[in-house]
1. Of all the C-alpha pairs in the range B:179-333, what % are more than 26 Å from each other?
2. Can you tell me the convex hull volume per residue for the range A:3-233, based on C-alpha atoms, in Å³ to the nearest whole number?
3. Give the average, rounded to an integer, of partner chain Cβ atoms located within 10 angstrom of each Cβ in B:232-245.
4. For each pair in A:K185/B:K141; A:K367/A:K455; A:K43/A:K279; A:K43/B:K245; A:K185/B:K245; A:K183/A:K393, compute the distance between the two Cα atoms and list the pairs where it is over 30 Å.
5. Work out the FRET efficiency for A:A71 and A:Q141 from their Cβ-Cβ distance, taking R0 = 22 Å, and round it to the nearest 0.05.
6. I need the phi-derived Karplus couplings for the range A:368-382: 6.51 cos²θ - 1.76 cosθ + 1.60, θ = phi - 60°, integer Hz, Gly and Pro marked x.
7. Using Cα-Cα distances under 8 Å and only pairs 6 or more residues apart, what relative contact order does the range A:3-233 have, in percent?
8. Could you list which residues have their amide H under 5 Å from that of A:L187, counting only those 5 or more apart in sequence or on another chain, with H placed in the peptide plane?
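Bear in mind these aren't lab numbers, they're just calculated from the coordinates by the rules spelled out. Note that the coordinates shown come from a computational prediction; the quantities given were computed from them, not determined experimentally. A quick note on method: Cβ atoms are made from the backbone with ideal geometry, for glycine too, and the neighbour counts reach across all protein chains shown.
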Amino acid sequence: MTTTTSESEHQVRRTAGLVIEGLGVSLTGSHVDVVDDIDLVLKPGEVVGLVGESGSGKTTVGTSLLAYSRAGAEISSGKVVLEDRDVLSLPWKEVRKLRGEEIAYVPQDPASALNPSIRIGKQLVELQQLRGIGTSESRLQAARDGLTEVGLPSDDEFLRRYAHQLSGGQVQRVALAMAFLPKPKVLVLDEPTTGLDVTTQKMVLDTMAELCRTYGVSALYVTHDLAVVANIADRVAVMYAGQIAELGPRDTIFANPSHPYTRALLDSIPHLSQARALKGIPGRTPSPGRRPDGCRFNDRCAFVVDRCRTEVPALRTVAPEHEVRCHRVGEIGTWDINIGTVPDADPDRPREVILSVEGLNVFYGRKQVVHDVTFDLAKGEVVALVGESGSGKTTISRSVGGLHKEWTGSLTFEGRELARSARQRSAEDRRRMQYIFQNPYLSLNPRLTIEQIIKRPMELFGLAKGKEATDRVVELMGQVALGPQMLHYQASRLSGGERQRVAIARALAAEPDVMICDEITSALDVSVQGSIVELLEGLRLERGISMLFVTHNLALVRSIAARVEILQAGSVVESGPVATVMDTPREEYTRTLLSNSPRID
Amino acid sequence: MEVAPPKGRSGGAAWGLWLARRLGLAVLTLWLVSVVVFLATAALGDPVRAILGRDYDSNVARRQQLEAQLGVGDSIVSRYVDWLGGLVRGDFGTSLANQLPVGTQISSTVANTLVLVLLSALVMIPLAFGIAMVSAHYRRKRPDTVIQTILLALAGVPEFVTGILLVAVFSTSVFNVLPAVTLVAPGASPWDEPKGMVLPVATLVVAVTPYVSRIVRATLLEVLDSDYVELARLKGIPEPVVMRKHALLNAIVPGIQVIALQLAWLAGGVVLVETLFSYPGVGKQLVDAVRNHDVPVVQALSMIIAGVYIVVNLVADLLSILLTPRARTAISS
């Protein structure tokens with residue numbers, strides 16, 4: 001196929017587009033709406049970002065475009081029109097034919113979305129094979145071309161691999177290639193870059209954008225992160241509690257966000273260019289059936305008036321192509337991206353070093369993964385360890401925390417040498433250094449109540465017991481903004497953000513001087529990340545706790561940390577005060593990381 | 001994350017090493033079993049007195065012959081070494097009951113049992129997987145509930161009760177189409193009369209299928225909820241193909257482990273079923289041998305049963321690894 005013919009083909013294809021009208025999905029066997037009243041148009045070749053917190057129904061909308069709903073929910077009303085056909089009322093067989101060929105889906109979790117038992121070469125061509133499209137040679141060739149397009153090797157060795165033999169970014173690009181192989185007209189991407197580091201994310205996003213442009217594909221990009229959308233979407237739809245709250249061209253949404261919820265989301269995003277006092281959105285997204293009357297955002301809104309509690313707002317057009325679902329639009333002033341900006345951490349602040357790491361080499365068996373890392377942490381200071389996956393940042397923090405003991409070098413805590421593993425350290429040292437894990441869904445014992453979880457360190461270190469300990473638990477829960485009614489809950493009843501607060505309260509219960517925070521916000525929504533960062537900043541100022549903050553998010557580093565260590569393949573490539581490193585990076589690697597980070601400023 | 005590329009064929013040596021290690025462990029297990037079997041059968045009490053009973057004092061010639069054959073005078077260790085040496089050479093000793101070599105005496109019953117078990121497996125495996133797939137397809141709807149209730153009821157009924165019911169239905173009370181007992185002419189095999197095999201096989205299939213089916217269904221349900229099955233559906237793959245290619249392939253491994261345990265259990269001799277159908281199998285012979293104090297036969301059968309357990313489980317582990325790409329590539333790299 002020559003370039004000219006393929007281009008003319010694409011021009012022919014640029015006629016499609018997709019229209020969603022009055023879409024509603026409800027829980028099976030009840031009239032409880034998961035999402036309702038969704039009207040959205042995907043113009044040909046356009047990328048629309050669908051943004052919202054967990055529980056807003058954005059994924060439900062995404063899969064509805066393929067006439068699919070997860071177990072327990074069903075599409076109850078509306079139309080999805082593709083080329084004069086309503087996908088939702090087509091016979092079952094035609095829907096199946098349409099899936100993949102005309103509307104394709106790119107799944108969220110790269111690691112679990114490919115079948116672990118089928119070689120990727122076979123998975124790529126499976127659909128074509130079943131439909132009898134082309135010959136086996138032409139299918140194989142198409143698979144190779146597809147892999148080349150997404151920047152992957154296309155040799156036999158690669159086609160014979162299984163999903164577990166690929167890295168996260170590779171799996172996600174295989175999923176992209178698979179979605180593009182039948183040359184669909186519409187693409188639904190469900191948070192395809194969540195969990196990938198910035199470099200891989202950039203690569204996947206660029207690949208996606210280029211394929212969409214080349215083939216004139218309309219795409220719906222579902223995500224919780226407005227910063228990602230700012231870089232790829234033509235238009236943005238912000239969803240809250242099952243409805244579209246605001247819809248408009250990207251530049252309008254970011255320059256003139258008019259719904260209080262959109263503004264709150266933007267306020268929770270850290271910027272690369274300047275530190276910000278991040279803010280979360282109070283409360284949590286109401287689940288289907290528990291949504292408040294009137295405006296669904298009224299219980300979390302800073303601009304709420306009586307009318308919002310009684311009257312349901314309609315989606316109103318406030319400017320060409322810009323629609324907002326708010327009674328008070330126009331009354332609540334304008335939004336400024338610089339609200340909440342604070343001065344960067346002062347690089348010249350006197351430092352009183354509490355923890356220092358010198359010449360740290362870490363091994364897994366015979367393999368050395370961290371090479372000669374040296375840095376220190378001062379009292380009341382946050383030092384960020386930043387790098388891509390596999391750069392050794394978590395390994396370093398685990399070694400410092402005593403969870404991994406195959407290391408050499410020296411670790412000094414207030415001038416004293418610390419033992420290699422936590423077991424060999426004194427109870428006092430263990431108490432003073434607390435570790436908070438990445439995934440709050442796995443780090444809390446599901447059989448214990450929140451009270452028991454937070455009380456445990458107090459009993460362990462003999463800080464308090466009985467009534468006194470319970471009082472302390474309530475006090476700590478207050479500090480991390482959890483109500484005392486949760487005292488007897490088990491972790492399963494809490495949301496991700498609430499769980500991470502419990503984990504932080506558990507660490508605080510030991511009255512630590514150093515907290516090691518290992519990617520503690522990466523499993524959470526940006527709005528929740530905002531409130532967790534707000535909480536940590538408060539703790540640092542009030543209690544003078546020092547923190548080692550592991551992350552791959554450079555923008556977050558700017559807002560939370562005073563110093564940063566940039567890691568690559570187990571070595572520190574650049575370090576220094578945050579403002580210095582990020583404004584005037586010396587190393588090429590740092591510059592690459594910065595340019596790959598999604599930004600809204 | 002660094003990902004090692006697959007090594008392809010060069011993993012042959014690694015596989016050899018893995019297999020050698022597992023075989024070594026199998027031999028070690030078998031040896032431990034031999035110690036236990038020997039201690040339990042030969043070393044406790046006086047076997048000659050137990051065999052002869054009241055004749056112990058009167059029949060001196062027989063007593064001396066038995067004592068010589070069993071080597072009562074020797075130490076336990078030397079008797080064990082003699083016995084083990086015989087086993088390694090394939091010599092199981094001589095039966096105390098009829099003075100025939102144990103090897104020839106048990107070979108036909110062992111073959112009979114293995115045939116019975118293999119036939120049952122051939123019927124049971126597709127049946128169990130089929131039921132599991134149907135059940136998982138209709139999850140928590142009426143057909144699934146009905147199937148699960150029936151399976152649970154069957155799992156709760158002892159296998160000889162199933163056998164009696166089958167006999168009543170197919171050979172005595174209702175229909176009279178199948179023989180109720182297996183009649184084997186001397187020198188012939190039970191499968192010379194295929195009709196006679198039907199009911200014993202059916203009984204064993206009914207006894208084992210519920211367990212396998214329930215495990216496979218549970219795993220299938222889990223797999224059907226996975227992201228890759230959702231993606232396959234969203235890709236437009238027809239549901240039967242989703243079930244067969246995407247779901248079953250990933251649900252098969254726990255099934256294999258249960259099948260192995262069940263088959264090994266069957267090979268151990270389902271005494272009641274064999275007795276019910278007068279099937280000349282291992283279980284029946286083992287019971288007879290214990291009753292006659294025929295120590296060499298008991299020892300030989302015990303070792304063979306242990307051997308079957310070990311081989312079946314080794315095969316199951318091997319299959320599990322071959323069917324799990326992650327485990328397979330972990331070995332070859």
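1. Working: 5603 of 11935 pairs.
When every Cα pair of the range B:179-333 is considered, 47 percent fall beyond 26 Å.
2. Values: hull volume 29.7 nm³, N = 231.
In the range A:3-233, the Cα hull volume divided by residue count equals 129 Å³.
3. Details: counts 8, 7, 17, 16, 16, 7, 5, 2, 0, 2, 0, 0, 0, 7.
Mean partner shielding for this stretch: 6.
4. Details: A:K185/B:K141 36 Å; A:K367/A:K455 39 Å; A:K43/A:K279 34 Å; A:K43/B:K245 36 Å; A:K185/B:K245 27 Å; A:K183/A:K393 40 Å.
In this structure, A:K185/B:K141; A:K367/A:K455; A:K43/A:K279; A:K43/B:K245; A:K183/A:K393 exceed 30 Å between Cα atoms.
5. Details: r = 38 Å, r/R0 = 1.71.
Using R0 = 22 Å, I get an efficiency of 0.05.
6. Per-residue couplings from phi come out as 8, 10, 10, 10, 6, 9, 10, 7, 9, 10, 9, 4, x, 10, 10 Hz.
7. Numbers: 406 pairs, mean separation 65.4, N = 231.
Averaging sequence separation for qualifying contacts and normalising by length gives 28 percent for the range A:3-233.
8. Result for A:L187 returns A:A104, A:S218, A:A219, A:L220.
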